[in-house]
Amino acid sequence: MKYVKNQKVSVCKFFAIFCLFAIPFFVAIQIIVINNKTKVNDDFKIAILSLLVILIVCLIINCIFLLRNKRIFNFCNLQKKIGFVLVLFAYILEIFGVVNLVYYNNDFKDWLINSSIGSLNYKYVATMIYDDETISDVVDNEYVDLSDDEIDFSMVDSNLEVYANKYEEEILNHNEDDIYKIIKISGTTIGADYHYEGYMAVIYDPSLVKIAKSSGAGTSDTSYGETLSVISRENNALIAMNAGGFYDPNWNSNGGIPHGPVFIDGILDSNYASGDAGGGIIGFDKNDKLILKKMTVDEAYSLGIRDAVEWGPFLIVNGVNYYKNVNYYTWTCGRTAIGQRADGIVLMLVIDGLQSHSKGASYADMAHIMELYGAVNAANLDGGTSTAMTVNHEYINSPWNGYVPTYRWLPNAWIVVNK
């Protein structure tokens, strides 16, 4: 009889410990479920809530049994009693601490959302934890379009002998008839000792920068993308760089359906559902000025947008670097960005990621590079495996999917055409 009782005590101890450690896990899942009401089906909600209730009831029943049999701890042993209370207190503190950090610490929330949304492998961490409104509050800002006096094409002077710094010299020291220049980029990730490498294409005439699309891109199930080199050849481009994001279920689509409005030569080419990258429309107007603005299609027409995609986030708007104060490490991967200087020169930037020669860049890194080279407006474009740049139809960077070289199918690209 004593053996049976000891056996029951052992089983109760096991279940009590199991429940003690399992409850936080299901509490976390329940919090995620609560914040994703529209994305979680009712059966799953009921199942998670039921399991959580069962675990709590089991813990209470087993604790009552152990207390009645004086087997949780030896009441005569003050040391064990204090130890148990301290462990229980730390356990409760941990649960409340994690919840407070994730949901009520704005700095941590901003870091987690911005890092997750822009990462290759952890893109949906934020969407699992936070609702759409919270994410939008963090990644979206009320950006304004470029004012008329921000860009002055007459400022370009290729005959300078003294430059403000080495970045100005790299940009402005070129032959007068050059259409573009390629600059090798390298640096160290902000907040971490990670090396990155990539390329910047400097385009001296912004009117030559346009959007080109895959011959099969559209908004139907039969739409398909093409590799950057194919898009480049089909459009006889001098330079091509991946542009907006696209509908990509399970990261395995054929790249045929671009997110958000796409303008080509002043005409709305497609307008599928927006992505979750923040930002808004990124494009050039009929005066060849780069416009960054969260706006409707009608507003884009009224502003004279000629070539544009939708993506983000915006990095620099009207000379304000939105990531200027980020000095801590955030997730890095392959990145693509486009910007424009006050003299009208266009900067197209790609950074390789997740490879031995280049860990990748963060939003803050991309904003920093653009700022160094004088961008007054700059925006992040689709990155990760999509990050690619070609010169005369040949890749100059190393597109990578995290495991092997990969030339991804894309719906559209920024291209530079000949005069």
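The values are calculated or read from the model by the stated rules, or taken from the named source; none is laboratory data. As the structure is a computational prediction, the values presented were derived from the model and not from experiment. Don't worry about glycine lacking a Cβ; one is built from the backbone with ideal geometry, like all the others, and counts go over all protein chains shown. Remember, those area values only see protein heavy atoms, side chains included, never the ligands or the DNA or RNA. Shrake-Rupley method; radii C 1.70, N 1.55, O 1.52, S 1.80 Å.
Rounded, prolate or oblate: pick one for region 168-227, where a ≥ b ≥ c are the square roots of the eigenvalues of its C-alpha gyration tensor, a/c under 1.5 means rounded, and failing that, prolate if a/b is larger than b/c, else oblate. In terms of gyration-tensor shape, oblate.
In a fully extended conformation the segment linking VAL417 and ASN318 would gain 33.0 nm over its present Cα-Cα distance, using 0.36 nm per residue. In the context of the full protein assembly, HIS195 retains an accessible surface of approximately 80 Å², using a probe radius of 1.4 Å and ignoring ligands and nucleic acids.
With a simple spin-label model that places each label point 7 Å from the Cα along the Cα-to-Cβ direction, the separation between ILE61 and VAL297 comes to 5.9 nm.
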